[in-house]
1. What three numbers, in Å, describe the spread of the alpha carbons of segment A:225-281 along their principal axes, ordered from the longest?
2. Using only the Cα atoms of segment B:148-250, build the gyration tensor, take square roots of its eigenvalues as a ≥ b ≥ c, and label the shape rounded, prolate or oblate: rounded if a/c is under 1.5, else prolate if a/b is larger than b/c, else oblate.
3. Taking the Cα centre of the protein assembly as shown as origin and charging only Cβ (+1 Lys, Arg; -1 Asp, Glu), how large is the dipole, in debye to the nearest 20?
4. With no solvent and one equal point scatterer per Cα, compute the Debye intensity ratio I(q)/I(0) for the protein assembly as shown at 0.07, 0.10 Å⁻¹ and report its log10, rounded to two decimals.
5. In segment B:178-300, what percent of the accessible surface is made up of carbon and sulfur (1.4 Å probe, ligands and nucleic acids excluded)?
6. Over segment A:26-266, what is the percentage of antiparallel beta bridges among all DSSP beta bridges, to the nearest 5?
7. Threshold 50 Å², probe 1.4 Å: give the residues of segment B:357-388, in number order, that are less accessible with all protein chains present than with their chain alone.
8. Measure off 7 Å from each Cα along the Cα-to-Cβ vector at A:E287 and A:E8, then give the distance between these two points in nanometres to one decimal.
Number of protein chains: 2
Amino acid sequence: MHPSAKLEAFLANSSHLQTPFVVVDTDVVAQRYDALQAALPMADLFYAVKANPGRPVLDTLIARGSFFDVASVGEIDLCLNAGVTPDRISYGNTIKKRGHVEYAYDQGVRLFAFDAEPELDKLSQAAPEATVFCRVLCDGKGAEWPLSRKFGCDPDEAERLLHLAADRGLKVGVSFHVGSQQGNVEAWDAALEIAARLARSLMGRTEPVRLDVVNVGGGFPGIYQREMPSIEKYGEAIAASLARHFGPLYGDYLPRIIAEPGRYLVADAGVLRTEVVLVSRKHEMDEKRWVYLDCGKFSGLAETMEEAIRYRFRTPHDEAVENGAPTGAVIIAGPSCDSADVLYEKTDYRMPIALAEGDFIDIISTGAYTTTYSSVGFNGFAPLKDYYI
Amino acid sequence: MHPSAKLEAFLANSSHLQTPFVVVDTDVVAQRYDALQAALPMADLFYAVKANPGRPVLDTLIARGSFFDVASVGEIDLCLNAGVTPDRISYGNTIKKRGHVEYAYDQGVRLFAFDAEPELDKLSQAAPEATVFCRVLCDGKGAEWPLSRKFGCDPDEAERLLHLAADRGLKVGVSFHVGSQQGNVEAWDAALEIAARLARSLMGRTEPVRLDVVNVGGGFPGIYQREMPSIEKYGEAIAASLARHFGPLYGDYLPRIIAEPGRYLVADAGVLRTEVVLVSRKHEMDEKRWVYLDCGKFSGLAETMEEAIRYRFRTPHDEAVENGAPTGAVIIAGPSCDSADVLYEKTDYRMPIALAEGDFIDIISTGAYTTTYSSVGFNGFAPLKDYYI
């Protein structure tokens, strides 16, 4: 997966731009949206705005007919201001202030996540006509970005809460997240089996309740170091799991299926350009060099935390390397005075021996989770600049 | 260590303010500066601006006669705009763009850190009349914030570089950092022994070179969970080490001693107020509750990374707890949709059983490394607001 021709042209003519910056090709975003919609024809795609809330990204996806998954009232306003109608917005954060639920409901949002009884209380009081989907815990096996137990509840608890929600007259759904950057296309199956079990329980009520929505979350990958299955494989696996678990229950008539892609739509659409500030050794005899960039953990590359996301780097010497120029092992670090601002130390990265101060390095597939992760001004460095083309 | 009366008064009257926010009492900053100067009478104190670059903090320290340690040209401008004269600024980042060295030098800055030959090359070319201090690696044992090998070089390499710098006519110094939030007052001794060894090597030249500066760095603690030695103990230990290692070399005439306090001056001067958004269990039978706050890892509490800094929390139910009201084990998390935004999961925190949505929680000693660590808008949440009183 190479950067698009449009990205390459921009980068070729950007030596006058201050680094670090990210540039995002919105055509790639549109292509990805179309590819995912083709792979998941049964699903409404709710773009996870947090992945990259850049206005041109939103505009591109609005033109495509996308729906939007938001994490906060800030993101609701962002969407509404961009012209998204509130019926296309899902408030997917299970952690919401009561006043924020009220605000969202006033704006017309009718789709909300929850995973606990106190949150359901807020929703039944402040969003009485809404569809509320209960997030079930997943183990995140196969995912590159660590999935903690922060979101979701155990299936037994979900069952209790869904009945409670139905008792209160709310429309109900089930959601889960298999973990960001999920490499296993079968990861959705176990969760869909649980979702079907919950659907069955609701159908067993004296007055049967149908699931209004099944939210299969995100997890569709960008292309970093590791090869990933094609998006068609994900679509086929999810369709097969839906048929397997929901077919016996509903026949051909599925609940509304929604998905929340973030990274998949924008990661590969972006390139982050940074400059080498210093290449050094801690001792003359050290084999490993330290490469210090002008972008680090606190200026956009937060996903290098615990070396979880392993980006690809491109240097001006790569062609020479292909023709035999030597490379050597490196540790890669950011420019701040924080000793924790080291990007990769355990992961085996090599860079050309010729690499030197002033060289530009392009970090590939950095359109997701970079711009807004940047700190406001840690160590006096400006936030990461972003361009959309 | 309780918040100051001024902080308490502000918090008591701040229920109308949107959370989360940090409030910093600059009187405490002034008291801390005086206490540290009294404990280290031999040292010029260079405030590490990155700890909290709030203008009222700078103004307070300028009035006290402080010097300033900066990490970037952004922080140089901040200091100059506040009225700091350039002779009171040290550019303490070992990772500097060539253009930034030139800018600093043009502004009149004459004190620079380095730890590698390519960086020394930049300095000797772009800052010919400067004093350059070489940072030596320390192991950071006893420190709470992880000290990586990112900064500093091995002592042998430092010796080579210092001779090289002297050859080029630069004034030379030695610096080190024993690790942030250092609990062992003897941690400076080993590094000062190395510094003296380097001084001896320079004195042994045909034309002897004296160290111009010994920079003992920072590491002086704020008060979090753990008891810490008094600041006098740090001063006594450092003075004893200086006498032990430098006395035989220089007698009573020491090189210029500088220190770079950050956390010690501002941490305990601040309180971060956050609101409880949700208290829940993943299963009805779980003993541990999840407490979700409206401030997390990406909105100011980045130092909870790997649960390194363990803050103290204050709830509205603490008096009831003292009178016998029950508490229970909790996991504490932030409000974003990022599964990595969990503050404390392994550390044993307990909170009142009565804790509920809408309660304010005050996080004590949060004046350092909070405001500028905040992301620009991750998940659509606004950056952390700060007040200075």
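The values are calculated or read from the model by the stated rules, or taken from the named source; none is laboratory data. Source: prediction; values computed, not measured. So basically every Cβ, Gly included, is an ideal-geometry build from the backbone, and we count neighbours across all protein chains shown. Just so you know, the surface numbers come from the protein's heavy atoms only, side chains and all, with ligands and any DNA or RNA stripped out. Shrake-Rupley method; radii C 1.70, N 1.55, O 1.52, S 1.80 Å.
1. Sorted from largest, the Cα extents of segment A:225-281 read 63, 20, 17 Å.
2. Details: a/c = 3.03, a/b = 1.85, b/c = 1.64.
It comes out prolate by the Cα gyration axes.
3. Numbers: 78 positive and 108 negative charges, 30 e Å.
The dipole of the protein assembly as shown has a size of about 140 debye.
4. Each listed q maps to, in turn, -0.54, -1.04.
5. Details: 2150 of 4420 Å².
Heavy-atom surface of segment B:178-300 belonging to carbon and sulfur, 1.4 Å probe: 49 percent.
6. On the way: 1 of 27 bridges.
Just about 5 percent of them are antiparallel.
7. B:E357, B:T372, B:Y373, B:V376, B:F378, B:N379
8. 3.5 nm
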